[in-house]
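Presented below is the structure to which this report refers.
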Ligand code: HEM
Ligand SMILES: [Cu+2]
């Protein structure tokens, strides 16, 4: 990169290490976020491989139960806070200024800070695995009193969560400040690409929910070290209160992971169906209603704690209600494809798979949302299957789709389409082999978060593990494709996909270091979705 | 920095801080909510009215006594009688036997809970060992008393209820 900068007349950029450590450029920071997310995806992924290896057969083979539990806990924290969220923020950084015609993010220096907090926070979190008493092993939900038995790792866990929260809140503020203040003239709110809309709404979710989590974990900290009794029955507290606080954050959090995915798919499907997005306005309203409703359904994670019957009913109906706007979105995506001139490049394949598999996850979610049956499903592998359908074949598939869609814009080269398709099909098959059997395991009564199980579950676990290893290995292919594309290939045109709409395709590929330094003059065509 | 950006940023930071406060506000809100609805089985304390003029109802309700010890406390706890038939509107006494199985002095705190949840709204105590911390000397055994009344308004479909105590090791600085 340092040699390139010299023969670069109008595109000045800092060189070497300085460029990355002190970067305030939205594209560089976006790249940093994306690379960080990919690294974390592999760190969290290796933990998943350990889990699946242990579960390949009944009995204890490779790791002791305490370590197994810390793998389950840290895997979840890393995947949620280290992989999916930063990948989404990375895309937002890269694409939002390009999509709304802004020269950069509104708060470039805060942007730098919110990224560089992350490696630090995850170093803290991962270091706990090597501490006396082991890493946190009480589950990513950190329920007391169990989590209070964590050894020396405990304060590190809490501070890591604090840092992650601060980073995400700063990122969210930056996104809203950019979209509200820096749009090019003519880019009205209801003209913005849906990806921008979903990120604005996600940002509000982040700002509203993460501080509540920060408060909750601070209470855990003071309960353990400073004699408070928020969650300690002996001092008049109540451990169930923590679950309320956690899920008040936790359910909006699942939409923080899902909404950006909705945004991506709403960009990709129209591009490859060569039709405008069906029901743009209804998409915006559906996204907003999902976000608002997500603050009123939290106790569907707590049906079995002993809520009063009226509470159970309220949270059951509220949960059913949230499926309505979600259904609107799914219908809109299908209607966009209806009678479209579709082609099936890799981004489109991942997006279509997202629509189908996310819907399967939504259906199992509906089943879990029915209070009386949740008493059977709760804390079983059925829940594990549910959230992996919405998160892996949902959020991660959409992120993959986004990377393939915009990679030529970032690198200036086309990726290898043949390898991309192979990556897609292998991912699709292996992830279903991995997670579909877990539905049956859960229905048959296999509990989650245990390293050993009854032999009646052996066959399906073996199948699931094989799918897991296959999925893991397949992702190495993804890294190869991305690196290959960064190094060279067929030159990408500015409008990489002929059906793609939006401002980002009006700048050259690769996108120059500085874009839209003077606001673009928007034509009607540029504002089409 | 543009003025608009500054304003948006400030507002959003303020919003984040407010939400942090809301997390803490959930604690008293939760307690109030539980008090009103009786959800988590917390029972209430009343002053006994010695010259009760109200008639005792002719209903009979069964009260069962349950006892638990938290894992951190080396005590034993059991009710003297497993259950009692009571008439709503009348005060009764029940006794629990508590034993310290180590030779060190320990302070414990009992936390009561009534089920079914709805019944906790109608279960009144005038005197209870759970009102304060309890000290047991090494190997000491004590009898501890709870004086209670089941309210006459207890819904008709409740024919029996359970009073459960869990003894915890008291936290330093808490009473
Ligand atoms: C139609 C939409 C959805 C419904 C009705 C739904 C419902 C539920 C319910 C009732 C549970 C609790 C199950 C139990 O513990 O017994 C649950 C768990 C979970 N859901 Fe969903 N869900 C939906 C969508 C999503 C989405 C979009 C995501 C994330 C992208 C998600 C992520 C999760 C996670 C991570 C858990 C497990 C949390 C844990 O206990 O560790 N869900 N869901
Ligand atoms: Cu939820």
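Cut-off 11 Å, label point 7 angstrom out along Cα-to-Cβ of residue A:53: give me the residues of the range A:453-468 whose amide nitrogen falls inside.
No residues fall inside that zone.
Averaged across the residues of A:124-132, what count of C-beta atoms belonging to other chains lies within 10 Å of each residue's C-beta?
Per residue, the average neighbour count from other chains is 0.
Run the numbers for residue A:459 and residue A:305: contour at 0.36 nm per residue of separation, minus the present Cα-Cα distance, in nm.
Using 0.36 nm per residue and subtracting the Cα-Cα distance, I get 52.2 nm.
Pop the C-beta distance of residue A:498 and residue A:367 into the FRET formula with R0 = 41 Å and round what comes out to the nearest 0.05.
In this case the efficiency is close to 0.50.
In whole Å, what is the distance between the alpha-carbon centres of the range A:348-383 and the range A:166-239?
After rounding, the separation between the Cα centres reads 25 Å.
For a footprinting-style exposure proxy, rank A:473, A:352 by other Cβ within 10 Å, fewest first.
By the 10 Å Cβ count, ascending, the order reads A:473, A:352.
Please state the shape class of the range A:199-288: rounded when a/c is under 1.5, otherwise prolate if a/b exceeds b/c and oblate if not, all from the C-alpha gyration tensor.
prolate
How well do other chains shield peptide A:247-254, expressed as the mean number of their Cβ atoms within 10 Å of each residue Cβ?
Average neighbour count from other chains, rounded to a whole number: 1.
What does the helix-only formula give at 222 nm for chain A: each DSSP H stretch with n ≥ 4 adding -39500 (n - 2.57), the total divided by the residues, and the result rounded to the nearest 500 deg cm²/dmol?
Dividing the helical sum by the residues of chain A leaves -22000 deg cm²/dmol.
Quick one: Cα centre-to-centre distance for the range A:104-138 and the range A:445-488, in angstrom?
If we compute the Cα centre of each part, the gap is 25 Å.
Apply the Kirkwood formula to the range A:371-529: the hydrodynamic radius equals the inverse of the mean of 1/r over all pairs of different alpha-carbon atoms; give it in Å with one decimal.
18.6 Å
Need one number: nm distance between label points at residue B:139 and residue A:18, each 7 Å from Cα along Cα→Cβ, rounded to one decimal.
About 7.8 nm, to one decimal.
Taking a ≥ b ≥ c as the square roots of the Cα gyration tensor eigenvalues, with a/c under 1.5 meaning rounded and otherwise prolate when a/b beats b/c, else oblate, which class fits the protein assembly as shown?
Prolate.
For A:371, A:24, what ranking results if the residue with the fewest other Cβ atoms within 10 Å of its Cβ goes first?
By the 10 Å Cβ count, ascending, the order reads A:24, A:371.
Consider all pairwise Cα distances in the range A:449-502 and report the whole-number % of them above 19 Å.
61 percent
How do A:32, A:164 rank when sorted from fewest to most other Cβ atoms within 10 Å of their own Cβ?
A:32, A:164
Could you work out the relative contact order of chain A, using alpha carbon pairs under 8 angstrom and six or more residues apart, expressed as a whole percent?
Contact order relative to length: 18 percent.
With everything on Cα atoms, drop me the angle between helix A:239-273 and the longest principal axis of chain A, reported from 0 to 90° to the nearest 10.
With both axes taken from Cα atoms, the answer is about 30 degrees.
If you fit an axis through the alpha-carbon atoms of helix A:417-443 and take the longest principal axis of the Cα set of chain A, what angle between them do you get, 0 to 90°, nearest 10?
Taking Cα atoms only, the helix is inclined about 20 degrees.
Express in nm, to one decimal, how much length is gained between residue A:39 and residue A:422 on full extension, taking 0.36 nm for each residue of separation and deducting their alpha carbon distance.
This chain segment gains 135.7 nm when fully extended.
Give the angle, between 0 and 90 degrees and rounded to the nearest 10, that separates the Cα long axis of helix A:85-100 from the longest principal axis of the Cα atoms of chain A.
Relative to chain A, helix A:85-100 is tipped by roughly 30 degrees.
Assuming R0 = 45 Å, what is the FRET efficiency of residue A:338 and residue B:82, from their Cβ-Cβ distance, to the nearest 0.05?
Efficiency computed from Cβ-Cβ geometry: 0.10.
What is the mean number of Cβ atoms from other protein chains located within 10 Å of the Cβ atom of each residue in peptide B:115-121, rounded to a whole number?
1
In whole angstrom, how far apart do the alpha carbon centroids of the range A:16-93 and the range B:128-148 sit?
52 Å
By how many nm would the segment from residue A:149 to residue A:127 grow when fully extended, if each residue of separation counts as 0.36 nm and the alpha-carbon distance is taken off?
6.1 nm
Using Cα pairs under 8 angstrom and six or more residues apart, how large is the relative contact order of chain B, in percent?
The normalised contact order for chain B reaches 27 percent.
Per residue, how much space in cubic angstrom lies within the convex hull of the C-alpha atoms of the range A:46-161?
Dividing the Cα hull volume of the range A:46-161 by its residue count gives 121 Å³.
In square nanometres, what is one fourth of the surface area of the convex hull spanned by the alpha carbons of the range A:181-339?
With every direction weighted equally, the projected area is 12.1 nm².
Give me log10 I(q)/I(0) at q = 0.09, 0.18 Å⁻¹ for chain B, Debye formula, one equal scatterer per alpha-carbon, no solvent.
With no solvent term, the Cα-only Debye profile gives -0.44, -1.16.
Obtain the nm distance between the two label points defined at residue B:17 and residue B:2 by a simple spin-label model: each point lies 7 Å from its Cα along the Cα-to-C-beta direction.
Inter-label distance under the simple model: 2.5 nm.
FYI, it's all coordinate maths here, none of it is from the lab. Because the structure is a prediction, the values reported are computed rather than measured. Neighbour counts are summed over all protein chains in view; Cβ atoms, including those assigned to glycine, are modelled from backbone coordinates with ideal geometry.
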